[in-house]
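A quick write-up on the structure given underneath.
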Amino acid sequence: MDKYDAVVIGAGNGGLVAAIRLLQGGAKVLVVEKHNLPGGFATSFRRGRFEFEASLHELNDFGPADNGGDVRALFDSLGVTDKIEWTPIPEAYRVIARKEKLDVTMPFGVKAFIDKMEKEVPGSRLSTERFFQLADDTRAAQKYTNERNGVVESSVMVKEYGNYVRTGSYSVNEVLDSIRMPKKAQDILRAYWCYLGAHCDDLSFSHYASMVIRYISRGAMMPKMRSHEISLALCERIRELGGEIWFNTEAVKIETGADGGVEGVILDDGRRIVTRHVVANCSPLVVYGRMMDGVPEKIVRATNARKLAGRGFTMFLGLNKSADELGIENHNYFLYDTMDSAAQYEIMKKIDTNEVQATVCLNRAYPECSPPGTSMMYFTTLYMSDDWGNVKPEDYAKTKEKVANKMIDRFERDTGAKIRDSIEEISVATPMTYARYCGHPEGGIYGYESQYWDGLNPRLQMMAHDHMTRGLRFAGGFAMRLSGYSSAYFSGDISGRQTVGDIKKEG
C-alpha cells in the first residue's frame, strides 16, 4: 500500500498551489491527475502553426517587481515567480455597448483611470475616487480574513475595516448609487462584471471592488508561454520539494471511515492510497455525487442548494495577417448589447439571443506570440443557463458553427476590424467540451455563482467552519475564493495551509 499525509485530486491551479503549501508544511504529498498534462484550464494547445491559450485573458494583482500585488507575493512564497517569463498587458479594457452607444478604452493605474473617467464623464472624479477608496479598504479586509483563515475578531473588523463592514452586504449597484456615481461612469466601471459571472444587482460590491482594484492598481500580466507555463512551473516546484505527481491517473473513489472522514483514495487502476487528508481540485458535485458513499443528507442539501455559474463557450482563431493589418487595436474587448448587467444576464441564458463576448488579441501584449505576419484571438462568452443541454446531437455541429459565426460578425461590426477572410485556423470549445475535458457539470467554467448568500464574503467568513467531511477540503473555482485564476491560486493556498494545520492537530 502507498501511504501519504495528503492526496491532491486534480492538478489544476488550486490543486497545484495546495500541494506546494502542504509540502512546505512538511507533509508527504501525492497529486493525481487524470489528464496527461497539468493545469486544467491553465494550459495551451496547438493548431497548425499557432499555440493557443486555453483560458487566461490576463492575470490580475501580479504587477511588476516594483509594484507587486498579492499574487506576486504568493508566487514568491511558493518559489515559482522566477520560473515564468512575464509580459505586461498594455491597457485595462475596451468596452463597447450597443444600446448606450458606448465605446471607451480604459487604462491601468488608479490615477490614470480616474483621469480618463473624468474626461469621459465630467463630474465623475469624486465618486470614482470614493470607489477606489472603498475598494482598497475591501482588499485590506479580505487579506486580513485570508490570513486568519476566516476566524476574525469582530471588534477588529469594525475598528480597522469599517468601510468593508458597511458595504459588505450590498450589491455593486447599490453602493455605486449611494456614492452618487453618474450612470455613464457606472456603465464604464461595471465592464468587468462578466469576469465574475453574476449581474451587478446580485453581485457583492466587496467581490467586484476587490477585483477591480487589483486589476487597475497594478495592471495585469501574461506568461509569454501561455498559462501552461505557470502550470509547469508549479509542477517543477512540487517535485523540487519532494512531492509526487501521477498523470494519466484518475481518482475514482474517496474512502471514508466510521467517523465519515477520509481514510483513503482508490485510483482507476484499483490501487489504494492510504491517507486521511484530501484536497479536491474539482467540483463538490463530482466528489459527493460520484466519489463518496454514504454522504450525509446535510451535505447533499448544502451542495444541491448552490447555483452553477456560467457555462463556457470559446472560439480560438489563428489569423494569417498581423493585428495592425487587420485593424485590431486592443488586447481586451468587452462587447455588450447593454450595460444593464441584469438585462444582459437574461439575454445570455439562450443560445439564440446571446451575442456577448470578451475577446482578446494576445499579439497586442506580446507580438511574438504567433509567427511573423500572423495574429491570434480568443472569443469567450458565458451561458447563464443550461441551454446547450437542449441541443440535439444531430444539431450540435451546426449550432456550434452558428455561434462562432455570430461572434466573428459581431466583432467585425462593433470594431471595424475585418478578420473573417484571414482565418487560417479555428477551434471551438462549447459547454460540452468543458464538461468532457474538466468534468464540470453542464460545462460550467465559473464554479458556483456569486450570489448574496453564497458570495465572496460569506464564503470567506465561513471557510473556517466549512469543513463538513473530516479530512476533505476543496480548492479551485468551486471553493471559498470563487472562480478565476488568482482566486484559484488563493483557494489552493488557503486549503493547503488549513490541511497542514489539520495534520499537525492530528499529530
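A few comments on the model shown:
- Among the residues of the stretch 261-311, those that are among the charged types (D, E, K, R) and either part of a helix (DSSP H, G or I) or within 26 Å of K504 (Cα to Cα) (or both) comprise E263, R272, R276, R290, E297, K298, R301.
- Residue in the stretch 105-112 that is free of Cβ contacts under 8 Å to residues at least 12 places away in the same chain, more than 20 Å from M339 (Cα to Cα) and of a type in the set (A, V, I, L, M, F, W, C) present: yes
- Looking only at residues of the stretch 50-89 that are among the hydrophobic types (A, V, I, L, M, F, W, C) and in contact with a Gly (Cβ under 7 Å, 6 or more places away or on another chain), we find that the one that is surrounded by the most Cβ atoms within 10 Å (Cβ to Cβ) is F62.
- Residues of the stretch 481-507 that turn out to be at negative phi and part of a loop (DSSP other than H, G, I, E, B), as a count: 2
- Qualifying residues in the stretch 299-324 (those that are more than 22 Å from the chain's Cα centre (by Cα) and under 17 Å from F474 (Cα atoms)) - the one surrounded by the fewest Cβ atoms within 10 Å (Cβ to Cβ): V300
- Enumerated helices (runs of 4 or more DSSP H) restricted to the stretch 122-204, each holding at least 1 residues that are among the hydrophobic types (A, V, I, L, M, F, W, C) and closer than 30 Å to R473 by Cβ: 125-147, 154-160, 162-167, 172-178, 193-196
- Selection status of A112, among the small types (G, A, S) and either part of a loop (DSSP other than H, G, I, E, B) or surrounded by 21 or more Cβ atoms within 10 Å (Cβ to Cβ) (or both): no
- Qualifying residue in the stretch 331-349 (condition: in contact with a Pro (Cβ under 8 Å, 6 or more places away or on another chain), buried (at least 24 other Cβ atoms within 10 Å of the Cβ) and outside the structural domain of E174 (by TED's automatic domain parsing)): yes
- Cross-chain or 6+ apart pairs with Cβ under 9 Å, the stretch 423-442 first and not assigned by TED's automatic domain parsing to the domain that holds T249 and assigned to a strand (DSSP E or B), then at pLDDT below 90 and surrounded by fewer than 16 Cβ atoms within 10 Å (Cβ to Cβ): A429/Y437
The values are calculated or read from the model by the stated rules, or taken from the named source; none is laboratory data. Quantities reported herein were computed from a predicted structural model and do not represent experimental measurements. Cβ: placed from backbone, ideal geometry, glycine included. Neighbour counts: every protein chain shown.
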